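Undergrad: Before we start, here is the structure in question, set down as structure tokens.
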Amino acid sequence: FGDESPPPAGRVPEDPGQPEAREPGAWRKQWDPEDLGGGVGVLPPADSYEPRQDARPSGQERPWEVSRPVPPNHPTMVQYDAGRHPRHEDEERQHRQLAVVEPKDNAIVAPKTPASFAPNKESIRAEAAATQMATKMRTGEWRTLYDEMGVRHRDFFQDLRRHRDREKGTVATGPVWKHLATQAKNLAADFDLQGILEAIKLFASVRFQDYDLYLRLIGEVPRYVTSAQPLQLIQFLRLLARMRLRERNYVDMIGAHLRQSFRSVKLNDVVAPRYLVKAANAFAELDVRSNPKAVEAFLTHVEHRMGEFDAAALCKFSPIFVIDFMSASLRRAFLQRCAEAQAGFQGELDECRNIAAVEFALRKENHSVVAGMQPWVKRYLEKLKQHCAFDGWGAVSLPKAASTRDELEQVAALAHKHQVNPVSGQSKRSVDIFSSNLHRDVSSCLSYLGITHENGVESGPFLLDIVAQDMAQAHKKIIYEVNAPHHFYEGTEQLTAERKFRQRLLARLGHKLHHVNAHQWSQLSPASRITFLLRIQDEATKANIQLAPLSSPTRSPGLKSIGVPRTPRQRLALQQAGTAVRA
């Protein structure tokens, strides 16, 4: 095979696999490179043969195959229909795959591929692109596709995802996250919309506190709003609610563009009902109604698609959206749909916490709405009330925690709190449920003062933060409402909509709340914090004494009367309370 002498001319049989193949044994004259006006480097016609799929991989060529192409009229290429030698078949396959073109006039010619021999549009476009790139490389007009900024983006997101997976469920702090935040600020101008949303989501998932970082990232969103998809707008709205960024301009901008999307006929195929629920909860959490037309358009769209929500989706609606945002017609349609789907009775009891809070708020604030409903809807609401009262811990709305780990601790503590002791038959009321680290600090200070209290006491569908005992009247209670940093909108001292809704319903139950705010607590020294709690305790004690009726005293196990102290024990209790306050 390595003979340098010119091989004799020969004939090859037609390929039986071709549609135009003749009978076995048929022959045709092999193409002649000299007839085409070329030489060794001239390629055969496209219809002379078909490339095989079982070609030898690149890098396994023999030395003579690389040095020069195999002539088609070589004796080894002459095959018979009666049978093919394995070596002949291998050499024929190698010849069909190999195509070496000698460059002319120092031109850079792209290597041929088996697909180049197929007479189709893809191969023609590939050859044209290769030739164009070769021309640009020869003339110096070629530019590399390597993007240095793209590599920086890739490395940044890889580091961010790795650290996020490592600290997921906690509050991220430390120099690593500060470095990642600095990188995000520098790269924000080069991110596309999907990159901006992903960066915000990764930082928000670990509760990273950097108000400037979030403002820097969301400041690039208006460039892409006009070309954004409805799902991307809803995702951005959810991220704003998750980070408690109550930016009215951005919310109005998203609402205006969603209003245009609601007019589209194909929106039902794009936005699933569960995404509508998430968008509704985000609107309610941000509590922005400065664009009434956008809010009205969204409510109309939700009412139009109310029949698409199943029981699980109905239980996901926020009580704030149902009570404060829904119109009268939409609220009636919502209650009717809940009664039809029997929302709250399909899954676990803890899945009906939102619907239980809705029923409680309707009973306390919108009794006229319930009175005007159909009898079967009234029966459903009464049945739901009994269902939630049967095992109250499952339907209790837990306070919003600062991290996922705190949420899991709340659920575990609440389940343990309502376990019944098999010996005494009483529940384990000594288990404390905390909503934040600030809640733990306040409880520790009260314990240091010797004030008897309990953390996480049920009251309707909510849990009271701290219920302390009055130092002068044991049967009286002093309720502390601990407002942690995550209970305020980011960068403000305004409580979130969820927190205000909770405190409003607790006031409906007759509770007087004494607030301990995070921005006030953080500025106090340890000694000043003790004085601060004693002042609250003293003011609450005086208020309870003034409200106590003198004519009809109430009996209690420790005191005979709550009016003017008549016994030495009562006078001693008041003296101790005054001494503690002065201290």
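Undergrad: In square angstrom, rounded to the nearest 10, how much accessible surface does Ser522 have for a 1.4 Å probe?
TA: Estimated to the nearest 10 Å², Ser522 gives 80 Å².
Undergrad: Multiply the residue separation of Glu220 and Arg152 by 0.36 nm, subtract the distance between their alpha-carbon atoms, and state the gained length in nm to one decimal.
TA: Stretched out fully, the Glu220 to Arg152 stretch lengthens by 22.6 nm.
Undergrad: Run the dipole for the stretch 132-255 about the Cα centre, Lys and Arg Cβ at +1, Asp and Glu Cβ at -1, nothing else charged, and hand back the magnitude in debye, nearest 20.
TA: Dipole magnitude for the stretch 132-255 comes out near 300 debye.
Undergrad: Which listed residue (Asn354, Ala280, Ala339) has the Cα farthest towards the positive end of the charge dipole for the stretch 270-393, taking +1 on Lys and Arg C-beta and -1 on Asp and Glu C-beta about the Cα centre?
TA: Sorting the options by dipole projection puts first Ala339.
Undergrad: Mind checking the full-extension length gain between Asn249 and His519? Use 0.36 nm per residue of separation minus the Cα-Cα distance, one decimal, nm.
TA: Stretched out fully, the Asn249 to His519 stretch lengthens by 94.6 nm.
Undergrad: Another one. With a 1.4 Å probe and all protein chains kept in place, how much accessible area does Phe462 have, in Å² rounded to the nearest 10?
TA: Result for Phe462: roughly 10 Å² accessible.
Undergrad: Now, a different point. Could you report the stretch 245-332's accessible area per residue, 1.4 Å probe, as an integer in Å²?
TA: Per-residue accessible area for the stretch 245-332 comes out at 45 Å².
Undergrad: Arg274 versus Glu308, label points 7 Å from Cα toward the beta carbon: distance in nm?
TA: 1.4 nm
Undergrad: Quick one: of Lys278/Lys364; Lys178/Lys201; Lys400/Lys477, which pairs are farther than 22 Å apart, Cα to Cα?
TA: Lys278/Lys364; Lys400/Lys477
Undergrad: Which value in nm describes the separation of the simple spin-label points at Arg161 and Ser459, placed 7 Å from the Cα toward the beta carbon?
TA: 4.7 nm
Undergrad: Using the per-residue mean of other Cβ atoms lying within 10 Å as a proxy for protection, in what order, highest first, do the peptides 350-358, 230-238 fall?
TA: Highest mean packing first, the order is 350-358, 230-238.
Undergrad: Can you figure out the FRET efficiency of Thr300 with Ala126, using R₀ = 41 Å and their beta-carbon distance, to the nearest 0.05?
TA: Here the calculated transfer efficiency is 0.20.
Undergrad: What nm value, rounded to one decimal, do you get for the distance between Ser447 and Val370 when each label is placed 7 Å out toward the C-beta?
TA: Here the answer is 3.9 nm between the modelled labels.
Undergrad: If I take R0 = 45 Å and measure r between the Cβ atoms of Arg504 and His257 in this structure, what FRET efficiency does the formula 1/(1 + (r/R0)^6) give, to the nearest 0.05?
TA: Here the calculated transfer efficiency is 0.90.
Undergrad: Give the residue list of GluC sites (Glu not before Pro) in the stretch 132-223 that are DSSP loop and have at most 13 other beta-carbon atoms within 10 angstrom.
TA: Glu141
The values are calculated or read from the model by the stated rules, or taken from the named source; none is laboratory data. These figures come from a predicted structure and were not determined experimentally. All Cβ positions, glycine included, derive from the backbone under ideal geometry; neighbour counts span all protein chains shown. Quick note on the areas: whole protein, heavy atoms, side chains included, nothing else; ligands and nucleic acids left out. Shrake-Rupley method; radii C 1.70, N 1.55, O 1.52, S 1.80 Å.
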